[in-house]
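K.L.:
Please find one structure pasted underneath; my questions will follow.
The values are calculated or read from the model by the stated rules, or taken from the named source; none is laboratory data. These figures come from a predicted structure and were not determined experimentally. We place every Cβ from the backbone using ideal geometry, glycine too, and count neighbours over all the protein chains shown. The area values use the complete protein model at the heavy-atom level, side chains included, leaving out ligands, DNA and RNA. Shrake-Rupley method; radii C 1.70, N 1.55, O 1.52, S 1.80 Å.
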Amino acid sequence: MSVAALVDPQSLPTPAGHFGRYGGVFVPETLMTALSDVGAAYAAARQDPAFRDELTHHLKEFAGRPTELYFAERLTRHCGGAKIYLKREDLLHTGAHKINNALGQALLARRMGKRRIIAETGAGQHGVATAAVCAKFGLECVVYMGAVDMERQALNVFRMRLMGAEVRGVEAGQKTLKDAVNEAMRDWVTNVRGTHYILGSALGAHPYPMMVRDFHRVIGAETRRQILEREGRLPDEMIACVGGGSNAIGFFFDFLSDTQVRLIGIEAGGHGIRRGEHAARFEGGRLGVLQGSKTYILQNPDGQIELTHSVSAGLDYAAIGPEHAYYREQGRIEYAYACDDEVLETFQLVSRFEGILPALESTHALVHGLKRARELKPDQIVVINLSGRGDKDVNQVARLLNVKL
Ligand SMILES: *Cc1c(COP(=O)(O)O)cnc(C)c1O
């Protein structure tokens, strides 16, 4: 596609939060004021050099930025094609990219004079990142988590509690992430005056998809600088996993206008593309509205939200961020999926060849990235975003491999 055909990515979303026909603000009237207050506070903060300096300072000192761009030498040799680089978000404090957004929003809350933070969490990674920044800044923290997820992720529940967060189990619905988001929105409506809601992905009503994207843009900005330093040119392909879509959009954003760089997002194919067995919204979903935003959603013919499945809890959600839907429609970002069995195999391969245990979420990107590296030539470059570390996943991997610990 030609560069001229692409709208300036910086101009999106529109002031009403639209990315083409996606996005927007589909919430109860009682939340409109809260959202527009956050939007106004964020618009002011993003223009304010003092806010940016403060965020940069904490990203460095607390989170550990910049993260390395790592040349995966043995994987490259093993695949026998393009050079493989990994952007090491797994090295960040609390183990994943999520701390970029949690820090940004906690600073924004403080600026707004809000001393109480609420958040939702599925696997617990966003809850842990939020609990950590709240402890650091002395903010009260309540994390909503489905009762089923609390049981599956007991260690993360304990981590959050150690850092002073109150974890509230949600017994409604399927007792997983979607239900936790509903409870968090209910809390926000009730306590809006002193409370800020730190949403964990590039999802939900405006301004969240934009704001969360902006807080993760540092991933792509660093990658750009680092690959130019190392290779003197931009990569041929960049690949990231897509749950709600925050690590991917942050990684891709500064490359959207460089149309020679192929951008590929990887969804969770679970057991395969059959109803209820995966979380690949672009494969099995269609346009709808869920939790504030118009986007691709896994739903049954009546519009009820479909069950989802993935080996990685962080990708296991029925909706995809609206900005992804837009760039897919524009043909600028391509999407594919990886299935559980391939993920399990690649998890072991990368661990053995590089001494890095990747998060199962990130391993979806690795599955596709290694495939592409094999197909490309040795003078080409693939950069894969390693969104998080796999230490949290070793019990599950052991179980899937029938290893008794
Ligand atoms: C939460 C999570 C994801 C998925 O969320 P996105 O918003 O799509 O980035 C991916 N990788 C890791 C390690 C996570 O913790």
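K.L.:
Counting other Cβ atoms within 10 Å, which trypsin sites (Lys or Arg not before Pro) in the stretch 142-215 have at most 16 and lie in a DSSP loop?
P.N.:
Arg193
K.L.:
Under a point-charge model restricted to the Cβ atoms of Lys and Arg (+1) and Asp and Glu (-1), what is the dipole moment magnitude of the stretch 247-398 relative to its Cα centre, in debye to the nearest 20?
P.N.:
220 debye
K.L.:
What value in Å³ per residue do you get for the convex hull of the alpha-carbon atoms in the stretch 249-405?
P.N.:
About 130 Å³ per residue, rounded to a whole number.
K.L.:
Something else about it: Rg and Dmax of the stretch 88-240, Cα atoms, in Å?
P.N.:
Answer for the stretch 88-240, Rg first and Dmax second: 16.5, 53 Å.
K.L.:
Whenever you get a sec, compute what percent of the accessible area on the stretch 122-276 sits on carbon and sulfur atoms (1.4 Å probe).
P.N.:
Of the solvent-accessible surface of the stretch 122-276, carbon and sulfur hold 49 percent.
K.L.:
If only Cα atoms are counted, what is the Rg of the stretch 38-120, and what is its Dmax, in Å?
P.N.:
Final numbers for Rg and Dmax: 17.2, 54 Å.
K.L.:
For Lys178, go through the lysines and keep the ones whose alpha-carbon is under 20 Å away, minus same-chain ones fewer than eight residues off.
P.N.:
Those lysines meeting the cut-off are Lys98, Lys294.
K.L.:
Based on C-alpha coordinates, I'd like the Rg and Dmax of the chain, in Å.
P.N.:
Final numbers for Rg and Dmax: 19.6, 57 Å.
K.L.:
On to the next question. Remind me, relative contact order of the chain in percent, using alpha carbon pairs under 8 angstrom and six or more residues apart?
P.N.:
Relative contact order of the chain: 21 percent.
K.L.:
Still on this structure, please answer the following. Under Stokes-Einstein, with the Kirkwood radius over Cα pairs standing in for Rh, what whole-number D in µm²/s applies to the stretch 1-152 at 37 °C and 0.692 mPa s?
P.N.:
Translational diffusion coefficient: 177 µm²/s.
K.L.:
GluC sites (Glu not before Pro), restricted to the stretch 68-126: which are DSSP loop and have at most 16 other Cβ atoms within 10 Å?
P.N.:
Here the GluC sites (Glu not before Pro) that fit, given the DSSP loop and packing criteria, are Glu68.
K.L.:
Something else about it: State the cysteines of the chain left without a partner when partners are defined as other cysteines whose beta carbon lies under 4.7 Å away.
P.N.:
Unpaired cysteines in the chain: Cys79, Cys241, Cys339.
K.L.:
As a test of understanding, state the convex hull volume per residue of the stretch 154-303 from its alpha carbons, in Å³.
P.N.:
178 Å³
K.L.:
With θ taken as phi - 60° and the coefficients 6.51, -1.76 and 1.60, list the Karplus ³J(HN,Hα) couplings across the stretch 17-23 in order, rounded to whole Hz; mark glycine and proline as x.
P.N.:
Running phi through 6.51 cos²θ - 1.76 cosθ + 1.60 with θ = phi - 60° gives x, 9, 10, x, 8, 9, x Hz.
K.L.:
Rounded to the nearest 500 deg cm²/dmol, what is the calculated helix-only ellipticity per residue at 222 nm for the chain, with -39500 (n - 2.57) per DSSP H run of length n ≥ 4?
P.N.:
Taken over the chain, the calculation gives -13000 deg cm²/dmol.
K.L.:
Probe of 1.4 angstrom, ligands and nucleic acids ignored: what's the accessible area per residue over the chain, in square angstrom?
P.N.:
39 Å²
K.L.:
I would also like to ask the following. Restricted to Cα positions, what overall size does the stretch 171-223 have along the principal axes? Three whole-Å values, descending.
P.N.:
Cα extents, longest axis first: 41, 29, 14 Å.
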